[in-house]
1. Can you tell me which of 117-123, 564-570 comes out highest on packing, and rank the rest after it, using the mean Cβ neighbours within 10 Å?
2. Name the residues whose placed amide hydrogens come within less than 5 Å of the amide hydrogen of V591, ignoring near sequence neighbours (fewer than 5 apart) on the same chain.
3. Per residue of segment 465-477, what does 6.51 cos²θ - 1.76 cosθ + 1.60 with θ = phi - 60° give for ³J(HN,Hα)? Whole Hz please, x for Gly and Pro, Karplus curve as stated.
4. Just the accessible area per residue of segment 428-477, please: how many Å² with a 1.4 Å probe?
5. Can you check what the net charge comes to around E134, using other residues whose Cβ is under 13 Å from the Cβ of E134 (Lys, Arg +1; Asp, Glu -1)?
6. By the gyration tensor of its Cα atoms, with a ≥ b ≥ c the square roots of the eigenvalues, what is the shape of segment 522-630: rounded for a/c under 1.5, prolate for a/b over b/c, or oblate?
7. Net charge near D266, counting Lys/Arg +1 and Asp/Glu -1 over other residues with Cβ under 14 Å of its Cβ?
8. For a protection proxy built on the mean count of beta-carbon atoms within 10 angstrom, sort 269-279, 475-485, 21-31, 685-695 highest first, please.
Amino acid sequence: QFTLVDLDYLTGAILAVLEEEAIIGLPELKPVRNYLLKEKDELVGSAFDINLAAYGADLRRLQLASRLAYLYQEYIFSRPEMINTWRDSQRQTNLPYSDAAEKDPLLAGTAAWQKSLWQFIFNSGGILESNPPERGGRWITLEQLIFDEQLIRHIDLKSLPPVYIFGVSYVARLFQMLFARLGEAIDLKIYTLNPCAEFWEDLETHRELFKRLNREKLTEGKKGKQVAIDDSADDPFGLLQADTPALRYWGRPGREHIRLLGELTDCDFHSAFTDPLRYGSGLLHILQQDMLMREPERTLADEEKTSGSKAGGLDGPKPLPPDKTIRLIAAPSVRREVEWVADEIWRLTGQQEGSDHSEKLRFSDIAVIVNSAEGDTYLPQIESVFSDCHNLPCSISDLPGSSDSSIFEAMALLLKLPFGRFSRAEMLTLMGHPALIGSMPDLAADDFVKLADRLNIIFGADHQDHSGTYIDEDVFNWDQGIKRLALGAFMTGDKSGDERIYESEAGRWLVEENWGTGSATAARFGLLARSLLANARYMRDRCLTLSEWSIYFISVIEQFLKTADNREEQDRLRLISTINDLVKYDFQRQVSGRTACELALRLIDKLGGSRGQYLTEGVVVSSFLPMRAIPFKVIFLLGLGEGLFPAAARRDALDLRAAKRRAGDVDPAERDRYMFLETLLCAREKLYLSYVHRDAQTGDPL
């Protein structure tokens, strides 16, 4: 019996290894030890700052575990032969193993300690072997289905039914190998997007062509031949005239995907292409047609040659004129960008006066797609603006977990509180949250604000948080404020105006007598604040196993979070179920509260949320993610600002794949460009591309 190691369990395994001092102390893992236990930066001011600095190692450990889990999974998908050589019982493979990372001076050291850490997890005697699956058997990784013949003999592929695969933009090399294994045994059909009906596997990207021509230029120069290339020209190598620019600039992942599928199937394809010109004759449709037929860049001069008229003039060939099928929108802010989209949707659906009813659309014909990097900014704005704009009907996917539910939001605040400054803003935001005071209808958040202001509470849980600062007296913190309220509860009658200080062995305080908000409000203020502070201290100071932390977090949910309706109750149950997933990370090692809270926050963030039913209720709103190439008559693509889209193709200092690119590797920039190309192909009538053209802080144009 075998169980695949998923990303969450792998993260927990790496975290458990990084918690083992005996392992981290080994010479081969010295770089990891130096990173985790590096000297603290210069500390400023108070003991509170020193206390926060102590959590640095916990955060670094969790961040490193999460990053390595992702990279190990990517190596399994795109470098399976490398992972195979890391195992203590290597399998024979006919794939050439590239040791480029081990030879790269920048990556050799990183490759050594990553391999060593992998072996502590997966090899004989590793942490996975000592923690087998609950159902019995052993853990395996996906690449073992390719290389482990002993394992493969236990799997009867021929007994599987036919397999149909839909919606694949591109896949890593390992999945190509799995397709090959399945195709040898059963009937396998893959439905995939091919942007070009012609053979285009030989098409070079602009970078590939530039490098090749540059090499040829250098070679010719060394031979003493004259090379006539105008380096000052906008297009010195004639890149744009050589082939379809859209495919050249944006199509690399799709080109390699189609090439690899062709190798698997001997190019046994059944085409199902549709002529874009059947939907219209605008600029969008011409561009789609040119990509489909692999045409070179089309200019106004080309068009007018067919009619015999002159074009271009002294300035040379002109591009095709713009029209309504592709529009670029520059907005001064995110809010205004979304408001413009809402107004345009009403116009397109014929809901506004003066709308062109000849082009009237249904709401479900329209999609609004948001750059994923800006999803947390745009999606809540879209939800708010569409609601204010005559309650424009829509279904929204991929909402951030904390913005989708008040229960998720309140729990996130509870988990963040122990590691903040206990400032008035932090505490009152939580204390006045509807999920916390929902069961106390006679209380208002404003009452808490007035009390905190009267008690002169600024920051810090107690006086210890002010140690090392200029604050010598027990003032400005939450503990002293609550004590003053408690002392005032013993006073009777009207407020006397006595300003004498109450002194005892424990300290000295100015008593806060009963005042306008009433003793009940003051008592509840003190009780809630005390409970939150006690809960925060517990999470900040304790070390428990993740299973124990899961139980504790659920008790926090039961204690603090109250639901007002059925939807919130469903969210509370979802939250409890999600917190239970912390058990997946548990390898019976105690971890700090900071680590447990960070893991819980990540689980809550993954919950996400949605409004309405996708593709059935109004305008479809979603993030810009792979494999979402669904046709719509009108598509709005938001958040395409400079530096935001496409994502930067930075070299990752930990990623061993950076040593040498292989077919099927897709960096973030290529991913975004190919998704852009797919979206362009999926727009049937209109495509709107929008971005913010002013800096949010300075107002400077971008």
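1. Numbers: 117-123: 19.6, 564-570: 12.1.
Most protected by this proxy first, the peptides run 117-123, 564-570.
2. L544, T545, L546
3. Couplings: 5, 9, 4, x, 9, 6, 7, 8, 7, 7, 9, 6, 9 Hz.
4. Details: 2420 Å² over 50 residues.
About 48 Å² of surface per residue is accessible.
5. Numbers: positive: R135, R138, K584; negative: D586.
Cβ neighbours under 13 Å give a net charge of +2.
6. Numbers: a/c = 2.77, a/b = 1.51, b/c = 1.83.
The shape class here is oblate.
7. Working: positive: R259; negative: E184, E201, E263, D268.
The answer is -3.
8. Details: 269-279: 11.6, 475-485: 21.6, 21-31: 13.3, 685-695: 19.3.
Top to bottom by mean Cβ count within 10 Å: 475-485, 685-695, 21-31, 269-279.
The values are calculated or read from the model by the stated rules, or taken from the named source; none is laboratory data. Predicted model, so just to flag it, every value in this text is computed and none were measured. Note: ideal-geometry Cβ built from the backbone for every residue, glycine included; neighbour counts use all protein chains shown. Heads up: the accessible areas ignore ligands, DNA and RNA and are worked out on the full protein's heavy atoms, side chains in. Shrake-Rupley method; radii C 1.70, N 1.55, O 1.52, S 1.80 Å.
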